[in-house]
Structures are given as structure tokens and as C-alpha cells.
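*Asks:* Structure provided below as C-alpha cells; questions to follow.
The values are calculated or read from the model by the stated rules, or taken from the named source; none is laboratory data. Everything quoted here is computed from the prediction, not taken from an experiment. Every residue, glycine among them, receives a Cβ derived from its backbone with ideal geometry; neighbour counts consider all protein chains shown.
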């Protein structure tokens, strides 16, 4: 009989987490330095996920960082692919052919997208429906860094941040030292792939202009899965030693066939076939932003004003079957004051967020839906003379929702957190954080419930413990987390519902659930020419009461492992390779059907000649037959399958000017 590291009463992970942290704390940093190292020389990692620049080593929670150099070496083509391959975050392919994947930071399954926030250059881009955030539409050649805040970000980012926050900063959005430059990339490969990307920066005094463009066409690995992706962006800004102001515009479009899901028999017979040969879809996004930041004595202040649109259209034989038009605006004000009070250092962050999201579905059965949000937050950090840092934060948020077919709602919610990080030496620290977070039913969830049901806000009590150790050759971080959720929101296909044509299935508030797990993240330079990066996640997502008590939440993998190596065997030559393993996961609430475990291997060889880089990349090197998305269980057999691609080769050239 298989046993779990997580006991029924949920105490084993706490004991394990505390035990491991104790081992870390007891391990003297001098043992590393004794190996011929006189000091810790690892470069500090600075993150912006805290709304202002902060050293990751001083935060009482985990933040994982992917840089533009990591992206280039791995040869990934989308933000989603970077997070999956470099950080080991589980992903599920979406229904379009544009390379988008739903990311699941901490085991929320099918509702993962509604339990994490996405920020692009300071602006929140989450939707207030189930449409999801299209990360693959962000041109990868424009990305400076990706930061993944592990665990709740509700104080700083509000509703829907229980699972974490993904912060994407473009090269222009970083606003760092600029220089004239240009970059051109072209690739061709398997499944009819042809791709071109270009970007450039023009600098004149304090003024800079950044432009980028991309186009990708592919037949992809299934019938009726051909896709065309296009995008462009421009950002102008001016800065001096205390002020930075600017404006940006970006757009992306996707036209794709929609091949549909397969039964188990169809998948075994021919995974490349389509069950909907005449169905297509398109998504078009635009984003405009005005921004400013300034340093005024002890104060840092900033403002980001964003406006975006999203147009989605699904067609059958060229006739529109569903269309929606989203128009959203955001305002984010933030300020930070740093001061010394004797031997204490204090940093106070204040902010206001405001958003207005509106969706119009035209036609005889159309609707108008709207969500308005207004929030204020405060976070204070006190650093003692010995280096101990204590943080406390609070957020108050008002959310108003309305829809043509449902009653309007007006909710006031709060989030809070307390955190502490204790240095044990210059190289070692331990940290902990407790708090609460929340999420409201989105517009689509409100529209399909059991008769008379009123969906309650989802709340979570959050706990995280961790330890960080840095040394001359790398860093190690270990985290334990737990989220105890009340009134979790999601779709239950087993509940009786007179509003459903089949009599079953509705969006509900679940009985209590729990997420908990261990995360290990490490980077190490084995030599001057060989470095490795390892991410391991062991997670549990269970119902703890009610009809599904003791069952695993569907579509949550219990274990994930990502191993990546970067090798430079000779000057001008480099090899980057990785393995991702994802454990099996249940499809249904009775835990009878599964998505099998799978492992994929990818590798990329690059040769640099002056300003030209030539590369050859292979994905799914071992040609594994697997799928990441399935949503049906029929008589104990997994159906509703969306197959993944087999082995693929990409040849590319990059020229820097």
C-alpha cells in the first residue's frame, strides 16, 4: 500500500519542513568557505515582484527568476515554455495552436489561472472571466526577465493571487542603462514551423525608443491545428537621474485551427487526427500603457496607467459561433519611503489599485458583463541591527460585478500577511510567512450555478516556511507551504443541477480543501564551463471534508522535477539541455482516471561567430507520446485528450547589431 509524505492529519509536512530548515540552520557556512573559498561572491538577485526593487535573499517568501540570458540559452519561444522548462512548473496545453499553456504554480488544477496574477511591466492583465491570460502573446524577444512569486501575493496584488504572481518585465520596461542595439532572429523547423523576430533600441541622451516584432507560422502536430501568430510593440521613454516617464503600445494576434479533443481509442489509433475539421478561432490583444516613476528624497513613487482590449472569435465553417470583446483599464499608484530610526531601518510601501473590466458578447443571446475593483494596501518592513527583517501588510479591496443574466454583487474583502526572515550567517537565512488571501467567482462562474445558489468568496489561510543558502558556486532554497481553503470556487461535474441540460455539473463552493507541499530550487556552477539548475516540487491538493473528502483535486501532479544544464565545451560553442518529469494526475473527482506521468528531454546546440549565432534545437528528444490536457472520465477510461507534439527540430540564426 502506497503511503504519502503527507499524513492524514496534515502534520508530517510541518515536521519535515521544520526539520529540514533546522538542518539548514545548523549547517555552518564556514564549511563551504573552508573548501578554499574566502568569501561569498555570488551576485545578488534583485526582483521587482514586491512593486519596488528588492534583494530576493531578504524576502520572507520564495521568488524564482528567469533572465533574458536564461531564455536565450534554452531557446524557448514563449513565456509559458520558459516557466515550464526552467522552473518545472506544470503546464497544460490550451485549445489553440499558438503555444499557450496554462501554468499551475501551487496545485490548483483547472482553476490555476484564476488563482494566480499576471503582471506585465507593472500592469495587471488577468481577465475577469474564464478566458485566461495569453502569455504566449508576449513576444519572447522583448522579455528582460520573468519573476515567479511563490505563494500568496494578495496584499500587493489583490484578488486571485493565492497561488502566486507571475511578473514579466520587458527590456524597455526595465528602464535600465540603455544603448543602441538591434537583434534579428529567424528559424525553421518541424511541423511546418517558420518564425522571424526582430527588436531594436535607439538611444539619444535621456530618450530611448524600443521596438519589437514577431511572426510565427506552423502547421503544428495535428490536423486542423495550423496557426499564425503576429505581434509588435513600441515603447518610448525619457529619464534622468531622478525621473522616468514613458508610453508603450503592444499588440498580438493568433489565428488557429481548433482540432478538438480525442477519445482514448482515437488517441491510440491516430493522435494527430482532428474531431472538428471545420472549427477555427482567433484572439487579438492590444495593450497601451503610460508610466512614470521618480525618486523624491526618501520617497520613491510610481504610476502605471493601462488600457487593453481582447477580441475572441470562434468559427465553424467560417460562421461565428461565439464572440467576445473585452475592454479593460487599470490604474496603479505606489509609493515607498525608507528611513533610519536609530539602529532600525524602516521601509513603508503604500499603494492604490483600480480597474474596470467590461466584456460584450454580441448576438441574440449576448450579454454585457462588468467588474470594477478598487483597492488600497500598505506594507511595512522593519530591519533590526542584527539583520532580522519583519514585514507586515494589509489590503482592503472592493469588487463590484454585474452581468445581463445574474444579479449584481458588491464585495469587500481584505488580505493580510506577517513575515520574518532571520539571517543565520552571511550565506544562510531562514524565513516564514503567514496570512490570508481571497478570490471571488468570476463572471463565467457566476453565470452557471445550481438554482438559487449564491457563490461565496473563496478565502485561504496561508503558511510558508523556508531557508536560503548561497555560496561561491551557487544557491539553494527550500520551501514548505500550506493553504487551507474555505469555500474554494470551482466546477464540480458530479453535483445535481436542474439548470444543466444533463442534470449534472455546476460552479460551486467546495467543502474545505488543502494545498501543501515542498519546493527545492538550486543553481550550481560545477565548473567555469558547466552549470546546472534543479527544481523539485512535491505537492498535495486534497478535499478535507464533504462528499469528496480525502480525494485528490483533479489535474494536480503530485511531483515535478526539472533538471537543466548549460555547458560551454569550447569558446563559441554552447549546449543547453533539460529534462522535465511530471507525475500522473487524476482527471475526475472520484480519482479513477488519470493523465499518465511523462518525461520530456530537450537540447540546443549553438555556435557563435562574431555577431552571428547559429543554433539547432530538439524538443521532446526521445519522442515521448504523452498529453498534458484531458477532462473526461468515462467508465474508468480517460477521454477528452489533447495530445502533445512528438520530436521536433528547429534550426535558427540570430544576428546582433
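*Asks:* Kindly indicate whether residue 463 is more than 22 Å from residue 65 (Cα to Cα) and in contact with a strand residue (DSSP E or B) (Cβ under 8 Å, 6 or more places away or on another chain).
*Replies:* The answer is no for residue 463.
*Asks:* OK, next. Scan the stretch 509-530 for residues that are farther than 30 Å from residue 569 by Cα, assigned to a strand (DSSP E or B) and over 20 Å from the mean Cα position of the chain (by Cα) and jot them down.
*Replies:* Going residue by residue through the stretch 509-530, those that are farther than 30 Å from residue 569 by Cα are 509-519.
Filter once more, keeping what is assigned to a strand (DSSP E or B): 509, 513-519.
Those that are farther than 30 Å from residue 569 by Cα, assigned to a strand (DSSP E or B) and over 20 Å from the mean Cα position of the chain (by Cα): 509, 513, 514.
*Asks:* Could you list, in sequence order, the residues of the stretch 368-384 that are closer than 25 Å to residue 357 by Cβ and out of contact with any helix residue (DSSP H, G or I) (no Cβ under 9 Å at 6 or more places or on another chain)?
*Replies:* 368, 372, 373, 374, 375, 376
*Asks:* Okay, moving on. Sort through 565, 557 and tell me the only one that's part of a strand (DSSP E or B), under 20 Å from residue 622 (Cβ atoms), out of contact with any helix residue (DSSP H, G or I) (no Cβ under 7 Å at 6 or more places or on another chain) and in contact (Cβ under 8 Å) with a residue 24 or more places away in the chain. Let's see the steps before the verdict.
*Replies:* On the way: 557 fails: part of a strand (DSSP E or B).
Criteria check complete, one pass: 565.
Each row is one residue, and each column tells you yes or no for (1) out of contact with any helix residue (DSSP H, G or I) (no Cβ under 7 Å at 6 or more places or on another chain); (2) surrounded by fewer than 19 Cβ atoms within 10 Å (Cβ to Cβ); (3) modelled with pLDDT under 95; (4) under 30 Å from residue 549 (Cα atoms).
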| residue | (1), (2), (3), (4) |
| --- | --- |
| 397 | yes, no, no, no |
| 405 | yes, yes, yes, no |
| 419 | yes, no, no, no |
| 446 | yes, no, yes, yes |
| 451 | yes, yes, yes, yes |
| 456 | yes, yes, no, yes |
| 467 | no, no, no, no |
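*Asks:* Out of the stretch 81-105, which residues are more than 18 Å from residue 576 (Cβ to Cβ) and touching a helix residue (DSSP H, G or I) at 6+ places or on another chain (Cβ under 8 Å)?
*Replies:* The first filter runs over the stretch 81-105 and keeps only residues more than 18 Å from residue 576 (Cβ to Cβ), leaving 89-105.
Matches in the stretch 81-105: 89, 90, 91, 98, 99, 100, 101, 102, 103, 104, 105.
*Asks:* Let me ask something else. Which of the residues spanning the stretch 319-355 are closer than 27 Å to residue 444 by Cβ, touching a residue at least 40 places away in the same chain (Cβ under 8 Å) and out of contact with any strand residue (DSSP E or B) (no Cβ under 8 Å at 6 or more places or on another chain)?
*Replies:* none
*Asks:* Could you list all residues from the stretch 565-585 that are more than 23 Å from residue 81 (Cα to Cα) and buried (at least 18 other Cβ atoms within 10 Å of the Cβ)? Step through it out loud before you land on a result.
*Replies:* First, the residues of the stretch 565-585 that are more than 23 Å from residue 81 (Cα to Cα): 569-573.
Residues satisfying the conditions do not exist here.
*Asks:* Here is a list of conditions, (1) at positive phi; (2) touching a residue at least 60 places away in the same chain (Cβ under 8 Å); (3) touching a helix residue (DSSP H, G or I) at 6+ places or on another chain (Cβ under 7 Å), and residue 130 meets all of them except one; can you say which number that is?
*Replies:* So the condition that residue 130 fails would be (1).
*Asks:* Of all the residues that make up the stretch 485-505, how many are free of Cβ contacts under 8 Å to residues at least 60 places away in the same chain and over 14 Å from residue 456 (Cβ atoms)?
*Replies:* Residues flagged as free of Cβ contacts under 8 Å to residues at least 60 places away in the same chain and over 14 Å from residue 456 (Cβ atoms) within the stretch 485-505 amount to 11.
*Asks:* I'm told residue 256 meets every condition in (1) farther than 22 Å from residue 75 by Cβ; (2) more than 24 Å from the chain's Cα centre (by Cα); (3) touching a residue at least 40 places away in the same chain (Cβ under 8 Å) except one. Can you identify the failing condition by its number?
*Replies:* The number of the failed condition is (2).
*Asks:* May I pose another question? In this structure, is residue 550 touching a strand residue (DSSP E or B) at 6+ places or on another chain (Cβ under 8 Å), at pLDDT 95 or above and either surrounded by fewer than 22 Cβ atoms within 10 Å (Cβ to Cβ) or not in a strand (DSSP E or B) (or both)? Break it down stepwise before answering.
*Replies:* Numbers: touching a strand residue (DSSP E or B) at 6+ places or on another chain (Cβ under 8 Å): yes; at pLDDT 95 or above: yes; either surrounded by fewer than 22 Cβ atoms within 10 Å (Cβ to Cβ) or not in a strand (DSSP E or B) (or both): yes.
In short, yes.
Yes/no matrix, rows are residues, columns are (1) under 23 Å from residue 645 (Cβ atoms); (2) modelled with pLDDT under 95:
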{"site": "62", "(1), (2)": "no, yes"}
{"site": "68", "(1), (2)": "no, yes"}
{"site": "77", "(1), (2)": "yes, yes"}
{"site": "83", "(1), (2)": "yes, no"}
{"site": "96", "(1), (2)": "yes, yes"}
{"site": "100", "(1), (2)": "yes, yes"}
{"site": "104", "(1), (2)": "yes, no"}
{"site": "108", "(1), (2)": "no, no"}
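*Asks:* State whether one or more residues within the stretch 595-608 are surrounded by fewer than 19 Cβ atoms within 10 Å (Cβ to Cβ), in a loop (DSSP other than H, G, I, E, B) and at pLDDT below 95. Full working, then the answer.
*Replies:* Taking the stretch 595-608 first, the residues surrounded by fewer than 19 Cβ atoms within 10 Å (Cβ to Cβ) are 596-599, 601, 603, 605, 607-608.
Okay, now just the ones that are also in a loop (DSSP other than H, G, I, E, B), so 596-597.
Applying the additional criterion that residues be at pLDDT below 95 yields none.
No, the stretch 595-608 has no match at all.
Here is a yes/no grid of residues against (1) part of a loop (DSSP other than H, G, I, E, B); (2) in contact with a strand residue (DSSP E or B) (Cβ under 7 Å, 6 or more places away or on another chain); (3) at pLDDT 95 or above; (4) buried (at least 19 other Cβ atoms within 10 Å of the Cβ):
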site	(1), (2), (3), (4)
588	yes, yes, yes, yes
615	no, yes, yes, yes
621	yes, yes, yes, no
642	no, yes, yes, yes
651	no, yes, yes, no
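*Asks:* Looking at the stretch 265-278, is at least one residue assigned to a strand (DSSP E or B), at negative phi and surrounded by 15 or more Cβ atoms within 10 Å (Cβ to Cβ)?
*Replies:* Filtering the stretch 265-278 for residues assigned to a strand (DSSP E or B) gives none.
No, the conditions are met nowhere in the stretch 265-278.
*Asks:* Might you let me know whether the stretch 459-470 holds any residue that is outside any strand (DSSP E or B), in contact (Cβ under 8 Å) with a residue 12 or more places away in the chain and over 21 Å from the mean Cα position of the chain (by Cα)?
*Replies:* Quick first cut of the stretch 459-470, residues outside any strand (DSSP E or B) only: none.
Among the residues of the stretch 459-470, not one is outside any strand (DSSP E or B), in contact (Cβ under 8 Å) with a residue 12 or more places away in the chain and over 21 Å from the mean Cα position of the chain (by Cα), which makes the answer no.
*Asks:* If you don't mind, there's one more thing I want to ask. Which ones in the stretch 184-198 are farther than 27 Å from residue 95 by Cβ and either in contact (Cβ under 8 Å) with a residue 60 or more places away in the chain or surrounded by fewer than 16 Cβ atoms within 10 Å (Cβ to Cβ) (or both)?
*Replies:* Going through the stretch 184-198, the residues farther than 27 Å from residue 95 by Cβ turn out to be 184-186, 198.
Across the stretch 184-198, the qualifying residues are 184, 185, 186.
*Asks:* Considering the stretch 435-446 alone, what residues qualify as being in a loop (DSSP other than H, G, I, E, B) and either farther than 17 Å from residue 510 by Cα or in contact with a strand residue (DSSP E or B) (Cβ under 6 Å, 6 or more places away or on another chain) (or both)?
*Replies:* Matches in the stretch 435-446: 440, 441.
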